[in-house]
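*Asks:* My questions will all concern the structure given below.
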Amino acid sequence: MGAVQSANDVISSVYRRTLLPAAVLALLTMVSATLGASEPDAMDSSAIQAWRAFTAELEAAGVAVLRDYPQPHAIDEAEALPYLLQQLSTAITRTMIRQPGQPPLLRVDATTINKWALDGADVKYLIAPVDGQRRYLLRGKAGDVRLFAVQAVRMAAPYASFDSLTGDQLPVDENGHFEIMVSKDRPQDWTGPWLPMREGTDYLLLREYFADWDVEAPGTYTLDDLQAPQTAPLTMATAEGMLVY
């Protein structure tokens, strides 16, 4: 079976078994037809080969969800493909913000759109990519949420959670502000709170738990790379690497 026919069969199955918008289905059809227009060529550039490998893995994932993971309830089966697309969207965003020269960015992560197998109705998740060999300074004001926590984690499979700090462990100034050093080793001249980054740490995860959204205010946070690399122009090798991160 050719790549186009295989992709179209998957799309047809998606149409029958999910509620994906017609515009998304049309886009998937167009992309699959374009990608399957020709067979891989030994003379293809490394970038083309990387793109073909990426799209082949994506097709295989969709087929596996539809064929190999039957669900006992129709709604669970129907939500499988949208969930795969949500994860793809999240993975692309995370890959983009991990590029060299990008400042560390705390952004909202798990939401009602990009789920991680859960709905956290009373939790706000913030996440930032980090390099376990560098030093970062997390500054913030935790607001008056019921619980604030920051944790070093490994998002790359297999997921792992490491050390964490909660708001009640943080000394604050008269305005409620705090600072946390985040690094592999504790700097000798640092006397404030320290969050170690164990082997494999690649993200910081901040959680804010709310008990009353009408009266509790979220905190404000910034993350500074104390060893910020010099920004370099994007290279083709880096762009190819974004497909296999």
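The values are calculated or read from the model by the stated rules, or taken from the named source; none is laboratory data. From a predicted model like this one, the values you see are computed outputs, not experimental measurements. Ideal geometry is used to build each Cβ from the backbone, glycine not excepted, and the neighbour counts take in all protein chains shown.
*Asks:* Just name the residue that is nearest to T93 (Cα to Cα) out of those in the range 152-211 that are more than 22 Å from the chain's Cα centre (by Cα) and of a type in the set (S, T, Y).
*Replies:* Only one residue fits best here, namely T166.
*Asks:* Out of all the residues in the range 28-43, is one or more under 20 Å from E240 (Cβ atoms) and modelled with pLDDT of 80 or more?
*Replies:* no
*Asks:* Of all the residues that make up the range 122-131, how many are surrounded by fewer than 18 Cβ atoms within 10 Å (Cβ to Cβ), over 12 Å from the mean Cα position of the chain (by Cα) and not hydrophobic (A, V, I, L, M, F, W, C)?
*Replies:* Selection size over the range 122-131: 2.
*Asks:* Which of the residues that make up the range 154-171 are touching a residue at least 24 places away in the same chain (Cβ under 8 Å) and not polar (S, T, N, Q)?
*Replies:* The answer is R154, M155, A156, A160, F162, D163, L165, G167, L170.
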